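Written out below as structure tokens is the structure these notes cover.
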Amino acid sequence: MNATLYKKLNFNFIRDIAPVASIGGTPYVMMINPSVPAKSVPEFIAYAKANPGKINMGSSGNGAVSHVFGERFKVMTDINLVHVPYRGGYYPDLLSGQVRVAFGAMPSCIQYIRSGMLRALAVTTATHSDVLPDIPTLDEFVPGYEASQWYGVGAPKDMPAELIDKLNKETNTVAADPIIKARLAGIGVDPMSMTPAAFGKFIADETQTWGNVIRALNIKAD
């Protein structure tokens, strides 16, 4: 996303960073304050259309992942939500009801969902989450919507190929360890092992996909 959001970066991620290994991916969760009279994505869309410009959508800031994911949802459903960017955390206002809806990373919001303080309506990935197996995907109601956050390891571009391969194998071994997999699953991260070449292609594809979204929606960073 940053490759498109920022016009004067002093680095090019694809050019300057050698992909080493993918660690895993996590869905974001479309969640609402329980005061919102909606129990499903279609009900929320209907409620938003009946109250245009009256529902606040919180995010971590202009151009943040939570903002971009939310804007894509707004465009694909043709609803009018008021974006409220925060430089700090938006959770206090979401929990109090000042903000009504947000798209949050699974690790940061799972505790509030499990406790009933927030209501999860959908996950942003194309498949269900093992952490919240009963929560539907957004794609079930908004065909074509898919988004996730992922984590990986990179290295300086001039790192020798044999060292990159060694780091890739070691990282994949650790990610496959049952204890590590369980710890990752506990915070909503699914292991996602790839070869360096496959991870590089994945990064390039993601850069193009989200670059197209950001340009189409004219999203600007702070």
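The numbers here are math on the coordinates, done by the rules we state, and not lab data. Here the structure is a predicted model, which is why all the values come from computation and not from measurement. Don't worry about glycine lacking a Cβ; one is built from the backbone with ideal geometry, like all the others, and counts go over all protein chains shown.
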- Cα-based equivalent ellipsoid of the chain: semi-axis lengths in Å, sorted from largest, via gyration tensor: 32, 21, 14
- Item | Under Karplus coefficients 6.51, -1.76 and 1.60, residue-wise ³J(HN,Hα) of region 73-87 in Hz, glycine/proline x | 5, 4, 5, 6, 10, 6, 10, 10, 9, 8, 6, 10, x, 10, 8
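About the Cα centre of the chain, how large is the charge dipole given +1 on each Lys and Arg Cβ and -1 on each Asp and Glu Cβ? Please answer in debye to the nearest 20. Working shown, then result.
Details: 20 positive and 19 negative charges, 133 e Å.
Value, rounded to 20: 640 debye.
Give the residue list of chymotrypsin sites (Phe, Trp or Tyr not before Pro) in region 10-83 that are DSSP loop and have at most 12 other beta-carbon atoms within 10 angstrom.
Numbers: sites: Phe11, Phe13, Tyr28, Phe44, Tyr47, Phe69, Phe73; in loops: Phe11.
In loop regions of region 10-83 (DSSP not H, G, I, E or B), the sparsely surrounded chymotrypsin sites (Phe, Trp or Tyr not before Pro) are Phe11.
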- Query: So, in nm, how far is label Ala176 from label Arg114 when the simple model puts each one 7 Å beyond its Cα toward the Cβ?
  - Reply: 2.8 nm
- Checking region 3-68 for trypsin sites (Lys or Arg not before Pro) in a loop per DSSP with at most 15 other beta-carbon atoms within 10 Å yields Lys7, Lys8, Lys39, Lys54
- Per-residue HN-Hα couplings for region 132-144, Karplus 6.51 cos²θ - 1.76 cosθ + 1.60 at θ = phi - 60°, whole Hz, x for Gly and Pro? 10, x, 8, 8, x, 8, 5, 4, 5, 10, 10, x, x
- Mind checking which aspartates and glutamates have their C-alpha under 17 Å from Lys220, skipping anything on the same chain fewer than 8 residues away? Glu71
- Task: Classify region 32-154 as rounded, prolate or oblate from the Cα gyration tensor: take a ≥ b ≥ c as the square roots of its eigenvalues, call it rounded if a/c is under 1.5, otherwise prolate when a/b beats b/c and oblate if not.
- Result: rounded
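Quick check on region 173-222: take the gyration tensor over C-alpha atoms, sort the square-rooted eigenvalues as a ≥ b ≥ c, and tell me if it's rounded (a/c under 1.5), prolate or oblate.
Details: a/c = 4.59, a/b = 1.90, b/c = 2.42.
In terms of gyration-tensor shape, oblate.
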- Mind giving me the FRET efficiency for Lys166 and Asn2? R0 is 25 Å, r the Cβ-Cβ distance, nearest 0.05 is fine. 0.30
- Above-threshold pairs, the threshold being 19 Å between Cα atoms, out of Lys74/Lys201; Lys7/Lys74; Lys157/Lys201: Lys74/Lys201; Lys7/Lys74
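May I ask you to derive the relative contact order of the chain, considering only C-alpha pairs under 8 Å and at least 6 residues apart, and to give it as an integer percent? Each step should come with its number before you reach the end.
Details: 383 pairs, mean separation 80.5, N = 222.
About 36 percent, as a whole number.
If we count other beta carbons within 10 Å of each Cβ, what is the order of Ser22, Ser96, fewest first? Walk me through the numbers on the way to the answer.
Numbers: Ser22 24, Ser96 10.
Least to most surrounded, the residues fall as Ser96, Ser22.
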- Query: Dividing the convex hull volume of the alpha carbon atoms of region 1-84 by its residue count, what do you get in Å³ per residue?
  - Reply: 131 Å³
- Here, Val75 and Ala198, labelled 7 Å along Cα→Cβ, have an inter-label distance in nm of 3.0 nm
- Which residue fluctuates the most in the chain, going by a Gaussian network model with Cα springs under 10 Å, if the choices are Val68, Val174, Val82? Val174
- Note down the net charge around Ala182, summing +1 for each Lys or Arg and -1 for each Asp or Glu among other residues with Cβ under 14 Å from its Cβ. -1
- region 84-195 - Kirkwood radius from inverse mean 1/r over Cα pairs (Å): 16.6 Å
- Query: What distance in nm separates the simple spin-label points at Arg183 and Leu9, each placed 7 Å from Cα in the Cβ direction?
  - Reply: 2.9 nm
